[in-house]
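Comments concern the structure below.
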Amino acid sequence: MMLFILRRVLSTVPVLLIVALIVFAMLRLTPGDPAAALVGNNSNSEDIARIRTSLGLDEPVPVQFVRWASKALRGDLGESYYMKQSVTHLIAQRIGPTLSLSALTMLITLSIAIPLGILAAWRHGGWLDRSLMSFSVLGFSVPTFVIGYLLIWAVALHWKLFAVQGYTPINESFSGWLSHLFLPAITLSIVYLALIARVTRASVAEALTEDYIRTARSKGISELRILVRHALTNAAVPIVTVIGIGIGLLIGGVVVTETVYAIPGLGQLTVDAVLGRDFPLIQGITLFFSFAYVLINLLVDLSYVLLDPRIRY
């Protein structure tokens, strides 16, 4: 087990290096000059050249990458061009709203999707099963920002039940925290609810056809215990896999959702950095998101051992 963990941890290094290299190269190849954006419209070529020199943008791209990568390995992700603060500090400032939104989204998703998928598998072919399949198609088809704007119009503006935009830390007010994050969490959870519920339905439905389920029923075991203790337990591996994928996809979803609801998290910070061509900030956030995605996949792989003792590494 320890050897497997060590191999997986070491494998993250080349993955993060490749991601950093691709992002670094793409930023340098895209049109636009951060130095020109910094000095404004009334600048001349001498001002732009001076800013480029101070930022190190006049050096060859490989030299820039090696310098940035060597600092990143020591935990220094550079300094934001516009905010004049450490990228690590800016990420630490904005990570709270993003983690809160992600955690609330997965809590809502799992508390609804897994029971719904189990019930749909239990009543395979019934109205609940057909309704779930229809909802899955709808959840996959409607873009996140469309759901967000519809919820803002209906729930926040028309019915005035929740806050429209902004964020309140949970340590200041739990009700304010929930009021600001409930609609964004619902917006994000729609697609993941459809995905996880559908996979849960398929996995549990397959497990219910196995011989051990018929044996359990012949022994008079209650249907609830059969569904939870026998069917769900043996169908857990694909469900956990898709949950891990969902958490990884959630990283990309927060960018759009935080922008729609004006939540000051990493998603909003990413949009601001891209619009301002803030290279160090874009690179730092991308590296952080990539590391989080790799860590989630590592935890999913480790969970297989606990869920299925037949798996050995």
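Selection of first residues in the stretch 252-274 that are open to solvent by 10 Å² or more (accessible area, probe 1.4 Å) and of second residues that are assigned to a helix (DSSP H, G or I) and among the charged types (D, E, K, R), restricted to Cβ pairs under 6 Å at least 6 apart or on distinct chains, gives the following pairs, ordered by first then second residue: Gln268/Glu258. Cβ separations smaller than 7 Å between residues 6+ apart or across chains give the following pairs from the stretch 179-199 residues that are closer than 15 Å to Glu258 by Cα to residues that are assigned to a helix (DSSP H, G or I) and open to solvent by 40 Å² or more (accessible area, probe 1.4 Å): Thr187/Thr144; Leu188/Thr144. For the stretch 285-296, a residue qualifies if it is at pLDDT below 90 and over 14 Å from Val9 (Cβ atoms), and the qualifying residues are Thr286, Leu287, Phe288, Phe289, Ser290, Ala292, Tyr293. Do we have Ala207 as under 30 Å from Ser290 (Cβ atoms) and either surrounded by fewer than 20 Cβ atoms within 10 Å (Cβ to Cβ) or among the small types (Gly, Ala, Ser) (or both) here? Criteria not met by Ala207. The lone criterion from (1) loosely packed, with under 12 Cβ neighbours inside 10 Å; (2) assigned to a helix (DSSP H, G or I) left unmet by Arg67 is number (1). If you go through the stretch 70-112 and pick out every residue that is within 21 Å of Leu275 (Cα to Cα), of a type in the set (S, T, N, Q) and either surrounded by 20 or more Cβ atoms within 10 Å (Cβ to Cβ) or without any contact (Cβ under 8 Å) to a residue 24 or more places away in the chain (or both), you end up with 5. Of all residues in the stretch 139-168, those that are free of Cβ contacts under 8 Å to residues at least 24 places away in the same chain have Cβ atoms under 6 Å from Cβ atoms of residues that are polar (S, T, N, Q), 6 or more apart or on another chain, in Phe162/Ser179; Ala163/Ser179.
Of all residues in the stretch 127-142, those satisfying the criterion of being closer than 22 Å to Leu183 by Cβ and open to solvent by less than 60 Å² (accessible area, probe 1.4 Å) are Ser136, Gly139, Val142.
If you go through the stretch 147-172 and keep only what is open to solvent by less than 40 Å² (accessible area, probe 1.4 Å) and of a type in the set (S, T, N, Q), you end up with just Thr168.
For the stretch 200-213, the count of residues that are free of Cβ contacts under 8 Å to residues at least 40 places away in the same chain and within 22 Å of the chain's Cα centre (by Cα) is zero. Name every residue in the stretch 28-64 that is part of a loop (DSSP other than H, G, I, E, B), open to solvent by less than 50 Å² (accessible area, probe 1.4 Å) and either over 16 Å from Gly276 (Cα atoms) or β-branched (Val, Ile, Thr) (or both), in order of residue number. Across the stretch 28-64, the qualifying residues are Ser43, Gly56.
The values are calculated or read from the model by the stated rules, or taken from the named source; none is laboratory data. Please read all numbers here as calculations on a predicted model, not as lab measurements. When we count neighbours, we look across all protein chains shown, and the Cβ atoms used for this are built from the backbone with ideal geometry, even at glycine. Side chains included, ligands, DNA and RNA excluded: accessible areas come from the protein's heavy atoms. Shrake-Rupley method; radii C 1.70, N 1.55, O 1.52, S 1.80 Å.
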